[in-house]
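Below: the structure, in structure tokens.
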Amino acid sequence: MAGGSSSSSSSFSTAPAPSLVDSLFQRSLDDLIKALRSQPAGAEPSLLSRAVAEIRREIRSPDPDTKAVALQKLTYLSSLHGLDASWAAFHALELLPSPSPLHKRLAYVAASLSFHPSTTDVLPLSTHQLRKDLSPSSPPPFSSLALHLLSLSASPDLALHLAPDLLPLLSPRSSPSSPLRPKAAAAALRTLSVCPDVAPLLFKPLVDCLSSPDLRVVSAAVGAFAELASSGDPTPYLPLAPEFYRVLAESGSNWILIKLLKIFTRLAPLEPRLAARLVDPLCDLLRRSSAQSLVFECVRTVFSGLPDHDRAVRLAVDKVREFLASADDPNLRYLGLRALSMLGPRHSWAVEESREAVIRSLADPDPNIRREALHLIMVMVFDSNVVEISVLLVNYAMKSDPIFANELLDAVLTTCRRNVYELIVDFDWYVSLLGEMARNPHCTRGEEIERQIVDIGLRVRDARPELVRVARGLLIDPALLGNPFLCRILSAAAWVSGEYVEFSRNPLELVEALLQPRTSLLPPLVRAVYIQAVFKVLAFCFSTYIDQLEISQLSSLGNSTTGGASSIVESNTAAAASCIADGIAGMESTDGIATVGPLSENDEVEVHGRARNLLGLIHMLREILTWKTEEQGFIKDNRIGEIVNLLQSMFSEELGPVSVNAQNRVPVPEGLVLEENLADLAWTLTEDDTAPSMSISFSLRSHQHGKTKDAAASSVRSASLLAEHRKRHGLYYLPTEKDETESNDYPRANDPLLPASQGDVPEDLVKLTKQSLIPRKVKHTKPRPVVIKLDEGDGVSTFPSTTVKESKDDLLSGAIHDALLGEGKPSSSQKRYSDKSSRGRVKDIADTGESVSQSKENLESGNREHRSSGSKSKHRGHGKERHRSPQKNEEKEEKNHRNSARSSHHHERHKHRPRGEALLNVAPRAPVIQHFLL
Amino acid sequence: MIRAVIVMNTQGKPRLVKFYDFQPPEKQQELIRSVYGVLSERADNVSNFVEADAIFGPGTQLVYKHFATLYFVFVFDSAENELAMLDLIQVFVETLDRCFKNVCELDIVFNFNKMHMLLDEIIFGGQVLETSSEQVLKAVEEISKLEKSSSAISLVPKSVSARFGR
């Protein structure tokens, strides 16, 4: 490095002896960057740690040059390589007062990148230096650096101490077109937002900036107000609306206009007259402006600020359609869709108008656009079109890429679930749609579908037959078993078919499906559900079988007709009979696996236990078979019949949904002490503590027959079972030639489909939606079934209100409110002076109101610690609103007054009030003011 | 406000990082990695906006532009206009181009300080202050001149001052 060596020699003359070595060999930032760039891959960490060690040594050097270069290197490493630089905060501070502009800059850059308002403990030490650099006597670049640091890292304390020093920089007197004034405005914004207490001081100068001839100053001030208004409560800025309106009329800069529109978007909903006055300029801008950013901002203002003004909305919607039609600019298409979604359901005609473009966007190559279109479509879903839209989306999910397919499914699932399925009328349709979703090869939303299947089973009695039918379809398909995302759905399907087995056409088939060999692919918990379902099905079958036997015995004398109705029972008996052989055969393999694989003990125990139960049941039921052969001795063991009936009645007890608050409503029985310390009972345990559960499970082991087969044998048997199973359900199998070659493999359930029809997808989509998105009256062929809904805690969940930020914003807006009211008003508009005197008088008279707000202010600052509870702050919020509203009335009234006649005072105002009230709807509090005024 | 400005190359290496609400360095690296993860997935012919709620918190968006080997990324919230931010990236890149005469990644790599100087003239504490690249260059030149003139007196190592001469 030629530069490096010459520099070291030049610093040699000034540097004191101890830093000689450091300076001589110090690497510059360029050297460091070059070293980092030339290092081999993987050597970076060691290089970085060496560099940091070097910096740690150099930064302590008394020579400012060495120190500055070290600090610069550290800043670089911290900013781009993520190294910690907080330890060097003090060294940055040491360099801040340096007279050299370069050193000062390096120090400020280091500080602005690494100082944190709450964690940098040396930050208060910078106060003095900042003040010095902010003073008008220091060179503008220095002040600029200080402002920059202030705008990034101001802590509340720092803001409070330095706010007065911002004043000279903010005022127009210092120098008319100082480059510092916009920067001071930006710094004032930061100061205001971290420390609302400075509002009385800074607010007025900031307002004055709005009337500066320098556009950059206006821009900075408008930007600051836009930030303040959009981050908190916009109400305090309402009195400034005329000022903003003036700037809107005068300014030609798009940047300023955009920020102004941001402010008006927030203010317009608060003040109908303001909205009315905005319509004309907005329409003008919409028509004339060639800047798309400004047009988009106008559209946003119209859609979210003045949705009631049809003329403006019409114009804005036309602009949005132009956006949507811009084929070559995905940005405009994306923003067009976003704009439409701001409109909300009331203006659904706008979406309807661009329906084709919206639907087409579902197939856009840009995922943003697809997502936005989906969002827009889901907002337009009503109970009349939910079927069409859901079918459209679920079908489209089959063709789209995996990520978006799941977003589509998600959208359908969450929309349909909303508020306890309020959109769904035809549950049979919805249940079969759930089944279809499960068959989507990309589906990863198993948990949600599981939840809904079970939930609908519990809530909607009429949907159960269809639910069981859909569940059968899912259970019987061996291809689904291999997909880990679907096992939750299968679990729900198994549960449903066990629970509502009475609706099943063919329970035998169900048992076979539940015990098919590939169930070994399922996780243990799901297998446990499967086994339990088998248990329920078997109990049901045999109970029916026994009933049937009884009937047939009764009717055997007359040998009367069994009738068509009993044919189902007939088939049940057949099912029951063959269940046993099948069941036992299946169970042995299941159980074999359950005992062989003790890896995940907890889960396996569940499977193990249930398998035992099932085996026990089958063992007992075997007896029944012998009855049949004997035919006459069926009374022989009525005990078994009773047990089976008992089991059946146990399962047929209906499960219902339980409100989350149900437990609260159970009264605590008298004499039950819930808070009692149970530790006292410990001695009872130590006396006769045995392991009861274990002993039982071991005693069952005696029933074990032929289960200790080795793995090879069981695998041979499972293969043969698989072949058997396939023979029966050829429907789900691959073509035979493939079947032969890889006999044990089913097509993976989530194999992607061939993207054959990608090209004409948009056309398909549009074709599919000849139906309108607009709700229209549809004749429902059947009435909506009863959906069990619990009174509370169901569907709608209450979110804890966000409190912390709001309270801060409240503080700020409160402070600004006071600043506006207290210090008189923005001086820029001369016309207000006449009002000021009368206002002052009003304030004196309305002293009580002021004191109320004062005390509120105190209360707030005192209560800052107690903010945590949401209800409390909400409470206060209300109280505050109430306190404030008289003042607000004043405000509005005053404006009203100003608009109409500004010279006259009291009487005039009095005369105008009724009109103002009528317009503003602020009647409730008006009488109170009247008293103050008189 | 603008929450962050990130310039990174197409391999995900950050070249200029500025957060306007403080983030500790490790967190910054993490955020940059997530941003890169999102951007590297995106095709060339798609829109320049990405909803960044998952990375930068609710209500944030990012807009990016891809130039040669670099991504220019601006992160902002609801107080900014999307298309205006896109324009601002253009302003920033044009300014760099005028400053470095056909800017390339290497210019950005070796001019850490100057990059910050330029950026700070355009965006100040998260607010857009200047959108004319001419004005920005003028301001930056003045600062450089001041620093140069004083460094001649105080004998600042040339290797440091040389960087501002580029």
Evaluate the distance, in nm, between pseudo-label points positioned 7 Å from the Cα of A:Lys789 and of A:Ser171 along their respective Cα→Cβ axes. 6.4
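Report the calculated FRET efficiency for A:Arg246 and A:Met620 (r = Cβ-Cβ distance, R0 = 60 Å), to the nearest 0.05.
0.05
Work out the FRET efficiency for A:Leu160 and A:Asp462 from their Cβ-Cβ distance, taking R0 = 45 Å, and round it to the nearest 0.05. Each step should come with its number before you reach the end.
On the way: r = 67 Å, r/R0 = 1.49.
It comes out at approximately 0.10.
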Collect residues whose amide H, placed 1.01 Å from N in the peptide plane, falls under 5 Å from the amide H of B:Ala52; neighbours closer than 5 in sequence don't count. B:Thr60, B:Gln61, B:Leu62
By how many nm would the segment from B:His66 to B:Lys138 grow when fully extended, if each residue of separation counts as 0.36 nm and the alpha-carbon distance is taken off? 23.3 nm
Which percent of the accessible heavy-atom area of region A:84-216 goes to carbon and sulfur, probe 1.4 angstrom? 63
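Please get the size of the charge dipole for region A:197-251, origin at its Cα centre, with Cβ charges of +1 on Lys and Arg and -1 on Asp and Glu, quoted in debye to the nearest 20.
Values: 3 positive and 7 negative charges, 20 e Å.
That gives region A:197-251 a dipole magnitude of about 100 debye.
Sorting check: for A:454-460, B:119-125, A:518-524, which peptide has the highest mean count of neighbouring beta carbons within 10 Å, and how do the rest follow?
On the way: A:454-460: 20.0, B:119-125: 23.1, A:518-524: 17.9.
Packing proxy ranking, top to bottom: B:119-125, A:454-460, A:518-524.
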Mind checking the full-extension length gain between A:Asp280 and A:Glu502? Use 0.36 nm per residue of separation minus the Cα-Cα distance, one decimal, nm. 73.1 nm
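Set the bar at 24 Å for Cα to Cα. Now go through A:Lys34/B:Lys18; A:Lys34/B:Lys114; B:Lys13/B:Lys145; A:Lys73/B:Lys27; A:Lys262/B:Lys27 and name every pair that lies beyond it. Write out the running numbers ahead of the final one.
Working: A:Lys34/B:Lys18 22 Å; A:Lys34/B:Lys114 17 Å; B:Lys13/B:Lys145 31 Å; A:Lys73/B:Lys27 20 Å; A:Lys262/B:Lys27 31 Å.
Where the Cα-Cα span goes over 24 Å, the pairs concerned are B:Lys13/B:Lys145; A:Lys262/B:Lys27.
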Provide a whole-number value for the mean count of partner chain Cβ atoms within 10 Å of the Cβ atoms in peptide A:500-507. 0
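What is the average number of partner chain Cβ atoms found within 10 Å of a Cβ in B:18-28? Please report the intermediate quantities before stating the final value.
On the way: counts 4, 3, 4, 2, 11, 1, 8, 12, 3, 1, 5.
Partner-chain Cβ atoms within 10 Å, mean over residues of B:18-28: 5.
Using only Cα atoms, what Kirkwood radius does chain B have, in angstroms? It would help to have the intermediate numbers written out before the result.
On the way: mean 1/r = 0.0601 Å⁻¹.
About 16.6 Å, per the Kirkwood formula over Cα pairs.
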How large is ³J(HN,Hα) for each residue in region B:29-42, as worked out from phi by the Karplus curve 6.51 cos²θ - 1.76 cosθ + 1.60 (θ = phi - 60°), to whole Hz, x for Gly and Pro? 4, 5, 4, 4, 4, 5, 4, 4, x, 6, 5, 5, 7, 8
Pop out the ³J(HN,Hα) list for region A:193-205 in order, Karplus 6.51 cos²θ - 1.76 cosθ + 1.60 with θ = phi - 60°, rounded to Hz; leave Gly and Pro as x. 7, 8, 9, x, 5, 8, 3, x, 7, 9, 5, 5, x
Once phi for every residue in region A:521-534 is put through the Karplus expression 6.51 cos²θ - 1.76 cosθ + 1.60 (θ = phi - 60°), the whole-Hz ³J(HN,Hα) values, with Gly and Pro written as x, are 7, 7, x, x, 5, 5, 4, 4, 5, 4, 5, 4, 5, 4
What distance in nm separates the simple spin-label points at A:Ala679 and A:Asp318, each placed 7 Å from Cα in the Cβ direction? 8.0
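What whole-number value in Å² describes the accessible area per residue of chain B for a 1.4 Å probe? Could you put the intermediate results ahead of the total?
Numbers: 6240 Å² over 166 residues.
Ligands and nucleic acids excluded, the figure is 38 Å² per residue.
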Tell me, in nm to one decimal, what length is gained between B:Gln90 and B:Cys104 on full extension, where the rule is 0.36 nm per residue of separation less the Cα-Cα distance? 3.5 nm
Spelling it out for A:Ser100: with amide H atoms placed in the peptide plane at 1.01 Å from N, the residues 5 or more places away or on another chain with amide H under 5 Å from its amide H are none
The B/A contact buries a total accessible area, at probe radius 1.4 Å and rounded to the nearest 100 Å², of 5900
Modelled label-to-label distance, B:Ser34 and A:Gln663, 7 Å Cα→beta-carbon offset: nm? 3.4
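Using per-residue counts of other Cβ atoms within 10 Å, averaged over each peptide, order B:56-69, A:489-502, A:158-171 from highest down. Display every interim value, and only then the final one.
Working: B:56-69: 16.4, A:489-502: 25.2, A:158-171: 20.0.
Top to bottom by mean Cβ count within 10 Å: A:489-502, A:158-171, B:56-69.
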Partner chain coverage, peptide A:329-339 - average Cβ within 10 angstrom: 3
Taking R0 as 30 Å and r as the Cβ-Cβ distance between A:Val122 and A:Ala53, the FRET efficiency 1/(1 + (r/R0)^6), rounded to the nearest 0.05, comes to 0.85
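The values are calculated or read from the model by the stated rules, or taken from the named source; none is laboratory data. Here the structure is a predicted model, which is why all the values come from computation and not from measurement. Cβ sites come from the backbone with ideal geometry, for glycine too, and all protein chains shown count toward neighbours. Just so you know, the surface numbers come from the protein's heavy atoms only, side chains and all, with ligands and any DNA or RNA stripped out. Shrake-Rupley method; radii C 1.70, N 1.55, O 1.52, S 1.80 Å.
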